Ligand SMILES: [Ca+2]
């Protein structure tokens, strides 16, 4: 059975086959109201502090102009990870891409996607940080973040960049602006939701979240 749904900018394709299913998700944020929190998301956080502030902003330089998802709060510091997770998603073997633009942040800057997200304390995360000039993949298990791989890389603020993830079975590949940098194997998480992540006081824009279950 196939059900196709298209809501100006949000495309969800469910393919049901017996007990297994796959789906596609593309969110360009254009259908949401500027200044509001998009209702298809859940805002939460890992660690200490107070909830972040996620809102739809406008940016004419965005990959799909003009609306983007923005984490705007700079009130958190230290061990605090802002999360905006897409409701009603469940991806296992996936290809994911998302564009981000680091706006500001004194303690931390940048961000990236989360996937195979079970809850605010259990998920995979890949992020690029312009203050540290590195690109890393972590797992957060029971609220504790553990780095799985890192590469030193020039990460510019104020410009759009793209992160791509491929996670098939236990192999995770992470691409920055189309180039493969991180390749690890991990068995901790099998499937879960997808979403967006920033740390501490990082103010970051995101656009064109594109996810596909691949087999
Ligand atoms: Ca957009």
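If you check residue 15 against the conditions, is it modelled with pLDDT under 95, within 14 Å of the ligand (Cβ to nearest atom) and touching a strand residue (DSSP E or B) at 6+ places or on another chain (Cβ under 6 Å)?
The answer is no for residue 15.
How about segment 39-127: which strands (runs of 3 or more DSSP E) wholly inside it have at least 2 residues that are within 11 Å of residue 204 (Cβ to Cβ)?
Strands (runs of 3 or more DSSP E) meeting the threshold: 54-58, 67-71, 80-86, 94-104.
If we keep just the residues of segment 48-65 that are within 21 Å of residue 177 (Cα to Cα) and over 17 Å from the mean Cα position of the chain (by Cα), which is nearest to the ligand (Cβ to nearest atom)?
Only one residue tops the list, namely 65.
How do the strands (runs of 3 or more DSSP E) wholly within segment 136-215 filter down when requiring 2 or more residues that are under 17 Å from the mean Cα position of the chain (by Cα): which remain?
144-152, 160-168, 171-176, 193-199, 203-213
Out of all the residues in segment 55-71, which are touching a residue at least 40 places away in the same chain (Cβ under 8 Å) and within 13 Å of residue 196 (Cα to Cα)?
68, 69, 70, 71
The values are calculated or read from the model by the stated rules, or taken from the named source; none is laboratory data. Just so we're clear, the structure is a prediction, and the values are computed from it rather than from any experiment. Positions of Cβ are generated from backbone atoms using ideal geometry, with glycine treated the same way; all protein chains shown enter the neighbour counts.
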